[in-house]
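A.B. asks: Would you mind keeping the following structure in view while I ask a few things?
The values are calculated or read from the model by the stated rules, or taken from the named source; none is laboratory data. Just so it is clear, the structure is predicted and the values come from calculations on it, not from any experiment. So basically every Cβ, Gly included, is an ideal-geometry build from the backbone, and we count neighbours across all protein chains shown. Ligands, DNA and RNA are stripped out before the accessible areas are found, and what is left, the full protein with its side chains, is counted by its heavy atoms. Shrake-Rupley method; radii C 1.70, N 1.55, O 1.52, S 1.80 Å.
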Amino acid sequence: MTDDRLQARLRERPLRVSILLFPDVEVLDFAGPFEVFSVAARIDRAAHGHAPFEVATVASARGPLRARHGLMVIPSHDFDDAPQADILIVPGGVMTAPLKCGETLAWVKQEAAQAPLTASVCTGAFVLARLGLLDGRRATTHWEDIAELRETYPHLDILENTPFVDTGGIVTSAGISAGIAMSLHLVGRVLGRDAAQATARQMEYEWR
């Protein structure tokens, strides 16, 4: 059903991939998926004349914010002007800010309610868990945070030693670089395995 909704939207326009940003977001958590979907769109546009994805970053405000390790980034949109997401990506990092920000939690909840596909990278799973989006599903996160996620949400089925867990409309990945593997998997779901492999090859990323 999830993929049918994505394909129906894709027949009308490019799929909108929205990637959440917040203070102390892990750089590769958001940059990895950004690169995967952007490269996949570039390859498909060159081959077929149209891009299947429009990728944008979204934060509570449009001004510069400091990602983890001091990288300054400027989001494409704030919550008020961001287009509705078809694929929502919630990255991890230091989760203090997003978990304490009611506006951020409300926006993620709103977008996840209408997006056919919501995915988290690394500790982004804590946001999905807080909102109840992982209830009744298997999930994963960074290996270092498995114990905390289990302790905080003991009713959840948290898996370890896996790069990502796909439960249909909700996908969670392990830490940092695992978000790249998960994103390639999602490209494969939308465009097919050959497109995902071509994207990985273009990125010189070993993907199985």
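A.B. asks: What number of residues in the stretch 1-44 are among the acidic types (Asp, Glu) and either assigned to a loop (DSSP other than H, G, I, E, B) or closer than 26 Å to residue 60 by Cα (or both)?
C.D. replies: So the answer is 5.
Residue-by-condition table, conditions (1) of a type in the set (A, V, I, L, M); (2) under 12 Å from the mean Cα position of the chain (by Cα); (3) open to solvent by 50 Å² or more (accessible area, probe 1.4 Å):
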residue	(1), (2), (3)
158	yes, no, no
165	yes, no, no
171	yes, yes, no
180	yes, yes, no
194	no, no, yes
197	no, no, yes
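A.B. asks: Specify the residue that is farthest from the chain's Cα centre (by Cα); the eligible residues are those in the stretch 124-135 that are within 19 Å of residue 101 (Cα to Cα) and open to solvent by less than 10 Å² (accessible area, probe 1.4 Å).
C.D. replies: 129
A.B. asks: Right, another one. Exactly one of (1) surrounded by fewer than 16 Cβ atoms within 10 Å (Cβ to Cβ); (2) modelled with pLDDT of 95 or more; (3) more than 30 Å from residue 62 (Cα to Cα) is unmet by residue 113. Its number?
C.D. replies: (3)
A.B. asks: Here's a follow-up. Just one of the numbered conditions (1) touching a residue at least 12 places away in the same chain (Cβ under 8 Å); (2) not in a helix (DSSP H, G or I) is not true of residue 204; which one?
C.D. replies: Of the numbered conditions (1) touching a residue at least 12 places away in the same chain (Cβ under 8 Å); (2) not in a helix (DSSP H, G or I), the odd one out for residue 204 is (1).
A.B. asks: Looking at the stretch 24-50, which of its residues are open to solvent by 40 Å² or more (accessible area, probe 1.4 Å) and among the acidic types (Asp, Glu)?
C.D. replies: 24, 35 - these are the residues of the stretch 24-50 that are open to solvent by 40 Å² or more (accessible area, probe 1.4 Å) and among the acidic types (Asp, Glu).
A.B. asks: Run down 20, 6 and say which single residue is in contact with a Pro (Cβ under 6 Å, 6 or more places away or on another chain) and open to solvent by less than 20 Å² (accessible area, probe 1.4 Å).
C.D. replies: From the options 20, 6, the qualifying one is 6.
A.B. asks: Filter the stretch 174-196 down to the residues that are more than 15 Å from residue 17 (Cβ to Cβ) and either touching a helix residue (DSSP H, G or I) at 6+ places or on another chain (Cβ under 8 Å) or touching a residue at least 60 places away in the same chain (Cβ under 8 Å) (or both) and list them by number.
C.D. replies: 174, 175, 176, 177, 178
A.B. asks: Which one of 51, 56 is within 17 Å of residue 183 (Cβ to Cβ), free of Cβ contacts under 8 Å to residues at least 60 places away in the same chain and touching a helix residue (DSSP H, G or I) at 6+ places or on another chain (Cβ under 6 Å)?
C.D. replies: 51
A.B. asks: Out of (1) under 18 Å from residue 19 (Cα atoms); (2) touching a residue at least 12 places away in the same chain (Cβ under 8 Å); (3) of a type outside the set (Gly, Ala, Ser), the odd one out for residue 152 is which?
C.D. replies: For residue 152, the failing item is (1).
A.B. asks: With respect to residue 86, determine if the residue is more than 28 Å from residue 144 (Cα to Cα), in contact with a helix residue (DSSP H, G or I) (Cβ under 7 Å, 6 or more places away or on another chain), open to solvent by less than 70 Å² (accessible area, probe 1.4 Å) and modelled with pLDDT under 95.
C.D. replies: Considered against the rule, which asks whether it is more than 28 Å from residue 144 (Cα to Cα), in contact with a helix residue (DSSP H, G or I) (Cβ under 7 Å, 6 or more places away or on another chain), open to solvent by less than 70 Å² (accessible area, probe 1.4 Å) and modelled with pLDDT under 95, residue 86 comes out as no.
A.B. asks: Please tell me if residue 96 is in contact (Cβ under 8 Å) with a residue 12 or more places away in the chain and open to solvent by less than 70 Å² (accessible area, probe 1.4 Å).
C.D. replies: No: the conditions fail for residue 96.
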